[in-house]
There are 2 protein chains.
Amino acid sequence: MAETADPAPLLTRDAAVLLEPLRDGVPRTRAELASLTGLARSTVATRLSALTAAGLVVPAGGAVSSGGRPPACVAFNPAARILLAIDLGATHGVVAVADLSGRILETESSEISIADGPEPVLDWAIRAARTLLERTSRPAADLVGIGIGLPGPVEHSTGMPTNPPIMPGWDRFDVPGYVRPRLGAPVLVDNDVNLLALGEHATAWREHSDLLFVKVATGIGAGIISGGRLQRGAQGSAGDLGHVRVPFTRGNPRHGEPGADLEALASGPAIARALTAAGTEAATSNDVVALERQGSGAAIQAIRQAGRDLGEVLATCVNLLNPSVVVIGGSIARAGEHLLAGVREVVYGQSTPLATQHLAIVPAKAGATGGVLGAAIMVIQNTLDPGAIDAAAGAE
Amino acid sequence: MAETADPAPLLTRDAAVLLEPLRDGVPRTRAELASLTGLARSTVATRLSALTAAGLVVPAGGAVSSGGRPPACVAFNPAARILLAIDLGATHGVVAVADLSGRILETESSEISIADGPEPVLDWAIRAARTLLERTSRPAADLVGIGIGLPGPVEHSTGMPTNPPIMPGWDRFDVPGYVRPRLGAPVLVDNDVNLLALGEHATAWREHSDLLFVKVATGIGAGIISGGRLQRGAQGSAGDLGHVRVPFTRGNPRHGEPGADLEALASGPAIARALTAAGTEAATSNDVVALERQGSGAAIQAIRQAGRDLGEVLATCVNLLNPSVVVIGGSIARAGEHLLAGVREVVYGQSTPLATQHLAIVPAKAGATGGVLGAAIMVIQNTLDPGAIDAAAGAE
């Protein structure tokens, strides 16, 4: 971990194991907790005392009982602590305070320019965060962590951007080292697509252990949940789909040419170029979205073809990963159903039956706060998941 | 889990957490264990007593000390229990007894025909297993589990093959239900490629959390280790690469035709067909391997082109998963370096720098016992990993 001077974690591993079955928000009796965790009743009682003392668990109404005094229930109290979630895009930034369930309590947002470099952009986020923290009137000790999403590749273990294409001045900048002393809590950093995947999974698809999130906007990237966990790969570049080659398909003469990678065919700017070449002026993703909203037949056709091209690559991803959900987000997907229709046409046509018979291909549910939600989930998992507490102990 | 009448697991979760840092075989002091696990010294002592009573931990020589009495060390005792590992291929079966480190103690092998159906094939394996168990003279209670690999898709949660193409009569056959009462221990089943991936990872690449294993033989399939764990996907079909479409490349006129999936281009039979079409008679994977060993220029060229075709698909897989190791196994890879040379040529040329700068593309290390080794690792993980004990408790 980047932070060698971390305070003691909020929870011991033992306490985290007991808290886990309560984190779905359902109150439970001590007997239910013993049965769910396999722990002895006496161990449950000891660990509950620690969790109650920390304010993380509170008494909750009695359970239904067949007679006699109803057994007392306990419940997770996500309001016991707060965290900061910061989502920095190319041109827009959002800062939020959330609780331990990921509920957003306060937000600030602003137009920014990520290309201004790390210090001015992070200084804005830090000022916004301080304003929000003052508004909550919570003591500084209640802040358990800070999650930051950036629009480029990040080495998650150090929190440093690595060769981010649209972020001049950010390469190898020590984001945790800059933010932590100014806001006073541990900092975790990841790329925005991974955080969007975490947010979608935690809020809409929690019971699915295998999910692929794909963002289609100025660039194209994916976030992978396998075995219930976000997978970042060996160097943190997992999900980097923008530069994979697209298999040959009917209907698109550009396929098979050198350089026909996915971003060159299916990103917002690529769709804009295809439209312009066909006589409908468009320069950016926003132009493409605006044309689709106006019902432009040319735009609808171009977006659908981009969906098919994306589908060619996703068919391979689906066979490889066997997810039960593919979530498509980003500005081009938000514009309407045409991108998804193209993706579905190819993926359901090409992937193997075992991989697609239970596969849902759906639009992203989170709107503009998807990024901060994902950043909040990252902090919550790092604070409360027993596995993350293990990993932090092992890295000491 | 398929087995509702499982006996109590060998270990409690608490004991498994303490055993984990000893499983690398290095003896450690109580103080080292406390530091590695973050547990109190008193908790370490309690859990060590339970592990010692079970025979899983034994005293080991003293540690080096600067003076006074050297602190006592303890060590994992993998000989304390045994397991059965069964690897059933299309035409060959291997049964082994192994210890809790995956060391193979005894093996039996035989030509079989998987197409004879489940009962005759499993009856052979059960007879061979009984012979081996007698030879070890170990009491029945020492057998902690049975791992079985099959040459087709398996629903891991139930242990049932699902529509296996080369296994008539096996579809939805209850393999654990058949084997368990006859051998008296819990049964886990997976497809052979997943087990080969587990075996390679555990023996040669343990410190790498992201590994892709690819088997090239009569079929083509992959096993995925992400975040240190085997990923099976939502329905257990992750790694099913045989039917993905191959992107257009120079040098191969078959690309881009309908049906130009990976197995149609790069499997043993596909290479044999290409050789035959070019005037060099070959019918099977074995013929291809024999021709390569004889130094046939046509075979070498065809295998190298198969490697390039495989590389086209693996370039996408590498960008998506960002593994640090790609291991290529199976009979075609074992024949020589030409398949790997073709794979390397395309993957290093096409994948993004971040995904390939630390990427090793290597041949499989395990030989004919790779399958039983992987089956043994599956049983060991399910018996000793704290996470697996959690999962079993949660499923009750």
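Read-outs throughout are calculated quantities, based only on the coordinates presented, and are distinct from any laboratory measurement. Keep in mind that what you see is a predicted model, and the values were worked out from it rather than measured. As a convention, Cβ positions derive from the backbone with ideal geometry for all residues, glycine included, and neighbour counts pool all protein chains shown.
Summary table below
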read-out	value
Net charge dipole size for the protein assembly as shown [Lys, Arg +1 and Asp, Glu -1 on Cβ; Debye, nearest 20]	1120
17 Å reach of a label modelled at residue A:92, 7 Å along Cα-to-Cβ, counting backbone N of the range A:217-233	A:217-220
Phi to ³J(HN,Hα) by Karplus 6.51 cos²θ - 1.76 cosθ + 1.60 over the range B:315-332, Hz, x for Gly, Pro	4, 5, 4, 5, 4, 6, 9, 6, x, 9, 9, 10, 9, 10, x, x, 4, 5
FRET efficiency, 1/(1 + (r/R0)^6) with R0 30 Å, evaluated for residue B:368 and residue A:358 via beta carbons	0.25
In degrees, nearest ten, helix B:268-277 long axis to first principal axis of chain B (Cα)	10
Among B:314, B:298, A:31 - extreme Cα towards positive end, dipole of the protein assembly as shown, charges at beta-carbon	A:31
Chain A pair-distance distribution - Cα-Cα, 20 Å bins, rounded %	26, 52, 20, 2
Per residue, the convex hull volume that the Cα atoms of the range B:85-160 enclose (Å³)	101
Shape parameters for the range B:204-363, alpha-carbon atoms, Rg then Dmax in Å	15.2, 46
Ratio of the Cα radius of gyration of the protein assembly as shown to 2.2 N^0.38 Å, where N counts its residues	0.99
HN-Hα J in Hz across the range A:297-313 - Karplus 6.51, -1.76, 1.60, θ = phi - 60°, x for Gly and Pro	x, 5, 5, 4, 5, 5, 5, 4, 5, 4, x, 5, 4, 4, x, 4, 6
Listed residues B:157, B:42, B:110, most fluctuating in chain B (Gaussian network, C-alpha, under 10 Å)	B:42
Cut-off under 5 Å, modelled amide H: who pairs with residue B:330 long-range	B:216
Distance from the range A:130-199 to the range B:264-303 (C-alpha centre basis), Å	54
